[in-house]
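The values are calculated or read from the model by the stated rules, or taken from the named source; none is laboratory data. In this text the structure is predicted, and so the values were computed from the model without any measurement. As a convention, Cβ positions derive from the backbone with ideal geometry for all residues, glycine included, and neighbour counts pool all protein chains shown. Side chains are part of the model used for accessible areas, which takes the heavy atoms of the whole protein and leaves out ligands, DNA and RNA. Shrake-Rupley method; radii C 1.70, N 1.55, O 1.52, S 1.80 Å.
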Amino acid sequence: MTSNLIPEYAYTVVYVKDVAKSVAFYSKAFGYHVRRLDESNRWGELESGPTTIAFTPIHQRETDDRSGAVQTPLSDRERPPMEVCFSYTDVDAAFKRAVENGATPVSEPEDKEWGQRVGYVRDDDGIVVRMGSHVAKPTKQD
């Protein structure tokens, strides 16, 4: 009876300096609706389809003591060991909106050899956000 051991992907938790500021930024820059921001400003969530993007402070006793402290980049030449990826039908318009709402441009959208249009920005915490078009499923070749 292992069928109930197949997980459903539920959350991506992003550790940030200021939860309320990050929730507002991601809502404006990338077009997500705020699902929840608790009164303590220690947890925020955005509606993002079948999963949730959640935000919590970089340092908090509950996690630092149990799983270790979050390591943050020391300069703009470093980045966290993850990136957030969002798919759009119009990557250029999405990139423009993100930059107009405070995202730092990293790489303008460009067509990639695998058939995707991709651009990159950073948020205030240095997290790289990849903005890409949907990639068509490969077609069967005879």
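The table that follows gives values for the structure above.
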| quantity | calculated |
| --- | --- |
| Pair list, Cβ < 6 Å and 6+ apart or interchain, from the stretch 103-117 residues that are free of Cβ contacts under 8 Å to residues at least 24 places away in the same chain to residues that are of a type in the set (Asp, Glu) | Pro109/Asp92 |
| Residue pairs meeting the criteria (Cβ under 8 Å; at least 6 apart or on separate chains; first touching a residue at least 24 places away in the same chain (Cβ under 8 Å), in the stretch 71-94; second part of a loop (DSSP other than H, G, I, E, B) and open to solvent by 70 Å² or more (accessible area, probe 1.4 Å)) | Pro73/Arg79; Pro80/Gln71; Pro80/Thr72; Ser87/His134; Thr89/His134 |
| Residue in the stretch 58-92 that is modelled with the highest pLDDT, counting only those that are among the acidic types (Asp, Glu) and assigned to a helix (DSSP H, G or I) | Asp92 |
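For (1) of a type in the set (Val, Ile, Thr); (2) in contact with a Leu (Cβ under 7 Å, 6 or more places away or on another chain); (3) on the phi > 0 side of the Ramachandran plot; (4) part of a helix (DSSP H, G or I), each residue gets a yes or a no:
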{"site": "Ala94", "(1), (2), (3), (4)": "no, no, no, yes"}
{"site": "Gly102", "(1), (2), (3), (4)": "no, no, yes, no"}
{"site": "Ser107", "(1), (2), (3), (4)": "no, no, no, no"}
{"site": "Gly126", "(1), (2), (3), (4)": "no, no, yes, no"}
